[in-house]
1. Taking a label point 7 Å from Cα toward Cβ, how far is residue B:63 from its twins in the other copies, in nm, shortest first?
2. If you count, for every residue in B:121-133, the Cβ atoms of partner chains within 10 Å of its Cβ, what is the mean?
3. Of all alpha-carbon pairs in the protein assembly as shown, indicate the percentage at a distance above 32 angstrom.
4. Please determine, in degrees from 0 to 90 and to the nearest 10, the orientation of helix B:96-111 with respect to the longest principal axis defined by the Cα atoms of chain B, where the helix direction is its Cα long axis.
5. What's the ranking of B:52-60, A:111-119, B:256-264, A:41-49 by average number of surrounding C-beta atoms within 10 Å, highest first?
6. Count the lysine pairs in the range B:96-271 whose Cα atoms sit under 17 Å apart, keeping only pairs 8 or more residues apart in sequence or on different chains.
7. Mind checking which aspartates and glutamates have their Cα closer than 17 Å to the Cα of residue A:22? Skip sequence neighbours fewer than 8 apart in that chain.
8. Which peptide among A:221-232, B:244-255 comes first, and what is the full order, when sorted by highest mean count of other Cβ atoms within 10 Å?
There are 2 protein chains.
Amino acid sequence: MSKLLILSDRAEEYENILRAAKLPDLEIFAFTGADVEAKIANQCEIVLGYPSQIRDNLPSLTKLRWVQTISAGIELLLVPDLRRDYVLTNARGVFGDLMSEYVFGYLLSHEKHIFKHRQFQEEKCWDGSDTGSLRGKTIGLLGVGSIGAHIAKTAKHFGMTVHGYTRSSESSPDVDVYYHNDLMEFARGVDYLVNIFPNTPDTQKLLDASVFRALPKTALFINVGRGSAVDEKALQAALEEGKIAGAVLDVFDEEPLPKDHPFWTTPNLWITFHTAGPSLPKNIAHVFIENYHRYIKGEALNYQVDFERGY
Amino acid sequence: MSKLLILSDRAEEYENILRAAKLPDLEIFAFTGADVEAKIANQCEIVLGYPSQIRDNLPSLTKLRWVQTISAGIELLLVPDLRRDYVLTNARGVFGDLMSEYVFGYLLSHEKHIFKHRQFQEEKCWDGSDTGSLRGKTIGLLGVGSIGAHIAKTAKHFGMTVHGYTRSSESSPDVDVYYHNDLMEFARGVDYLVNIFPNTPDTQKLLDASVFRALPKTALFINVGRGSAVDEKALQAALEEGKIAGAVLDVFDEEPLPKDHPFWTTPNLWITFHTAGPSLPKNIAHVFIENYHRYIKGEALNYQVDFERGY
């Protein structure tokens, strides 16, 4: 009998889904996070939860063997000095659909002048001028893992060209992608730039003033990866000086974004609230269930994180 | 030698594209519409242009044999008492991409709460609640010709189910569509309803109070067909009473929409300006060029309109 600790503000939803799945030889304990009893935590060898809540409970988890995170991002568990004596798997393969919908929602809003037309409506102004189109445009993806591959397929559906800047260790997706290893050359050739990179040592402030200078003035930048990949002051300056046409940010250096942060009112900047790729229990539970079947058979788990590499 | 009269506010663009195509045995005369010289019009057997401008010049076109319209809609040329002694072909097969981008721009804006998030940003309010998704939703298409087929393919890409309500004479597109012939049953089963029907006797006020009552309260209605298909007062009431979640209209009974029309300020209504499927010269010229090659070979022209049927 294995014991599973669920740590999530939606613990009850996860518990219900997993109980309904009738996983063999599994006892389930569900907590919202702050309320974990140490005498239960120290019996559990498996944890399903958010990195912050798992981190806070690591000292009590004396029998820990496997952590399945609810999120894709796991950087909080990679901090030096934290224990690494367990198998860490993150949530992958479940965000592509949602992220792709988010990215194309904003790309189409941009091309179709959706906000501008709303403004015209408010002014009771009939403006029949032409809008743009995705067809023939080039999208540049920073990161072409499972999320990037999904975005690339949607881009192809809309008749776009896909360029990718990627770490060599990532496998290439099943779509035509022109790969680059020169970031400046890559940036110069795209109409839209989408960052999907996780928070790793390699990606810190990768998007700096030189990248925003290299992008065409008409370019739109979208960040659905991690805030740490962006030099926020450089992006603010690029938007204020009109070096790029706009940006859409779902992630930030500090979240929630502080009330006095200039991004709330930076021109041509749309912000959302780390909502582009929500961790929906029905999706994440499915990742856990498949991995649990592998776990009890002694097979290698899906989506294992390399603590050194950071993803 | 055939003589072609171009009638468009973008006549010069059309003329340049057609001259560059070096069409054999063709003499081209280009006018913006109001300025046509009758002594030139009465030499021309072919006209490429907008229906309104063609209609105004029909009496002068004594040698007319073929009209290629720049638009998909041709209802102005179908008015009783106007001559019908020529072959009428409309623009088809070129609007699917653009219409599909428009429809999915608004569907994604709706699901991803793009306007609501913009409002939160203006209020400096971080709201991390979940947004929706297209996956698993059902889109209902009123009309499944070439534009509908394109929208259906995009819907399939996003993991949606496609239902179609169609005239029996339309060929079915190369996608899975569940066909209905009961409009109320069709309306009850969709999350989004998209009208693509042209203006024909069959489609007058097809979307009336009973249809808006049959739709789920969460439904979004999009009209990219013709305004005449909608009972505008019934739609206004449905939106004011919350019978449907929202509507996006690109076409209206009267265009431009009169300044005092209630639609400018109806709640949950987004209006655009007959811009969803713009007639771009580079696209329309391609339709003409292909048809011209058929014309000089004496072959049947593409996209012939049946004057009786209305499309």
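1. So the distances to the same position in the other copies read 9.5 nm.
2. For this peptide, the per-residue mean of nearby foreign Cβ atoms is 6.
3. 56 percent
4. 20 degrees
5. In descending order of packing, they fall as A:41-49, A:111-119, B:52-60, B:256-264.
6. Within the range B:96-271, the lysine pair count is 9.
7. Counting by Cα, and skipping residues close in sequence, residue A:22 has these aspartates and glutamates nearby: A:12, A:13, A:290.
8. Result, highest mean Cβ count within 10 Å first: A:221-232, B:244-255.
Laboratory data are not the source of any read-out in this text; all were calculated from the coordinates shown. Computed from a predicted model, the values in this text were never measured in an experiment. Note: ideal-geometry Cβ built from the backbone for every residue, glycine included; neighbour counts use all protein chains shown.
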